[in-house]
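Step one of this worksheet: look at the structure below.
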Amino acid sequence: TAAPPGIRKPLPPRLFAVHGTNAETRWEALRGEDYLTPDGLFFVRNHTATPLIDAAAWRLTLWGDALRGGPVAFTYRDLLGMPAETVTAFIECAGNGRRLYGEQQNQEVSGTPWRLGAVGVARWRGVPLAALLDRAGMSDRAVALMPRGLDADYVEAGENLGRVRRPLPVAKALDDVLVAYEMNGRPLPPDHGHPARLVVPGWVGAASIKWLGDVEVSAEPLESPWSTRLYRMHGPGHPPGGGPPLTRMGVKSALELPWPARLEAGREHLLRGRSWSGGGRVVRAEVSDDGGVLWRPARLLGDRHPHGWVRWTFPWTPREAGNLHLLVRASDETGAVQPGRAAYNVFGYGFDAVVRHPVLVT
Ligand code: MTE
Ligand code: MO
C-alpha cells in the first residue's frame, strides 16, 4: 500500500529556514515500505535551523591536547578518498515515546511530545571515526572526545548553551562510530547532517552529531549541557544531579498503523510492525489483544541488522466491533524484554514499556 497522501515532508528545507524542527515519522507511512526508512519519511530533530553547508569549503578539524601533533583538518574529498564502511543502524531520539508517559502512565514529563516516530533506520556509509583519530595522531592519553555541530548556538529559555556537542567516550569511538557522508546510497540530505554526521549505533540520537565541524580530543574528561543536565534521568529514584549520561537505547516496538487505528471486524488483517533495541538484535516479538494476558508470537521477517530493527507480521481477526488496544512486546538477544511500565524521569527519556495501541474495531 502506498503512503496516505500528504504525509511526506512536502518541501525541501532549502525553501524554509525552520527554527527548531521536531518532525516525527507517521508509523502508518512505513507500511509497505522496505527495511530502510526512506529519507523523505525519516524523522528530523534539529535544535535550531538546518544549516546549508558547501561540502567543497567544509572542513572537519580534530584538535586537542591528546593529539601527538597539532590540529588536523579533513576535507570532504579526504573522507571520500579513505576506506569506507557501511552500517545499517537506527537513529532514535532519547525522548522517543515521551508522550506515552502521559497517555499511558499518567505522568507529566517535559520535552518534545514524540509518540513513537522519532526513530528511523538507514544505511550509513562513511569513514570510521577510529581511522580519522588514527590519522590525526591520537595519543594514549586521550580519555574523551567532544564532537560538535556547525549549526547555530542553541538558546533554551534565554540561556545560550552554545553549539550542539556531547562528549563521546574514546572506547565507543574506537568501536563502531562512523563519520557518515551517505544515507541510503545518496549524499546526506541537509536535514540529516550534510556533508557529514556521526552515527553512534545503538545510542541515544543526540550522540549522532550532525553537520560535524570539529572533534576535540582530550586528555581530561569533558562535559557539555548535553551530558551534565540533558540526557540524564532526573527525579525520584534517580541520584541527585541525575543518573549517568544516557547511552544505549532500550527495546521498543511499533505497529505500522494509524493512531488510533480503525479495522473491520470479522476479517483477517495482516498487522505489520517493527521492533528494535540498542542492546542488540531483537529475537522475539509477541502480540496481545486482551490487555496482556495471552501473548502470541509475531512472525519475524528476514533482514536483521544488529543495530537496525526487525520487521514482523501478525495475522489478526478482530471478532466484534468496539474499542481495544493492541500490545506488542519484544525481546533482544541480551534477554532484555519490554517492561509493563517505563521508569519515570522528569525529561521523559527512555520510554520502553509495552505500548497500548488504540484500535477502533468497526
Ligand atoms: N546534531 C546537531 N549538530 N544539531 C542537532 O540539533 N540533534 C540531535 C542529533 N544530532 C542535533 C544533532 C538529536 S537530539 C537527534 S535525536 C538526532 O540528531 C536526530 O537525527 P535526525 O534529525 O537525522 O533524525
Ligand atoms: Mo534527540
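The values are calculated or read from the model by the stated rules, or taken from the named source; none is laboratory data. All values derive from a computational prediction rather than experimental measurement. Counting neighbours? That spans all protein chains shown, and the Cβs are built from the backbone with ideal geometry, glycine included. These accessible areas exclude ligands, DNA and RNA; they are computed on the full protein's heavy atoms, side chains included. Shrake-Rupley method; radii C 1.70, N 1.55, O 1.52, S 1.80 Å.
Structural remarks
- Single condition Tyr181 does not satisfy, out of (1) away from ligand 2 (no atom under 16 Å from the Cβ); (2) among the aromatic types (Phe, Trp, Tyr); (3) more than 30 Å from Glu33 (Cα to Cα): (3)
- Near pairs, Cβ below 7 angstrom, 6+ apart or cross-chain, from segment 27-56 (of a type in the set (Ser, Thr, Tyr)) to any residue that is part of a loop (DSSP other than H, G, I, E, B) and open to solvent by less than 20 Å² (accessible area, probe 1.4 Å): Thr37/Thr25; Thr48/Asp151
- If you filter segment 60-116 down to residues that are among the aliphatic types (A, V, I, L, M) and in contact with a His (Cβ under 8 Å, 6 or more places away or on another chain), you find that the one that is farthest from Ala343 (Cα to Cα) is Val87.
- Residue in segment 43-52 that is of a type in the set (Val, Ile, Thr), surrounded by 16 or more Cβ atoms within 10 Å (Cβ to Cβ) and touching a Pro at 6+ places or on another chain (Cβ under 6 Å) present: yes
- Flag if Arg232 is of a type in the set (Lys, Arg) and surrounded by fewer than 19 Cβ atoms within 10 Å (Cβ to Cβ): no
- Hey, Arg115 modelled with pLDDT of 95 or more, over 18 Å from the mean Cα position of the chain (by Cα) and charged (D, E, K, R) or not: no
- Flag for Arg77 being at pLDDT 95 or above, away from ligand 1 (no atom under 16 Å from the Cβ) and open to solvent by 10 Å² or more (accessible area, probe 1.4 Å): yes
- Residues of segment 108-132 that are assigned to a loop (DSSP other than H, G, I, E, B) and open to solvent by less than 10 Å² (accessible area, probe 1.4 Å): Trp114, Gly117, Ala118.
- Put simply, of Asp65, Asp134 the only residue that is in the same structural domain as Val170 (by TED's automatic domain parsing), among the charged types (D, E, K, R) and in contact (Cβ under 8 Å) with a residue 40 or more places away in the chain is Asp65.
- Complete set of residues in segment 31-55 that are in contact with a helix residue (DSSP H, G or I) (Cβ under 7 Å, 6 or more places away or on another chain), more than 16 Å from ligand 2 (Cβ to nearest atom) and under 26 Å from Met146 (Cα atoms): Leu52, Ala55
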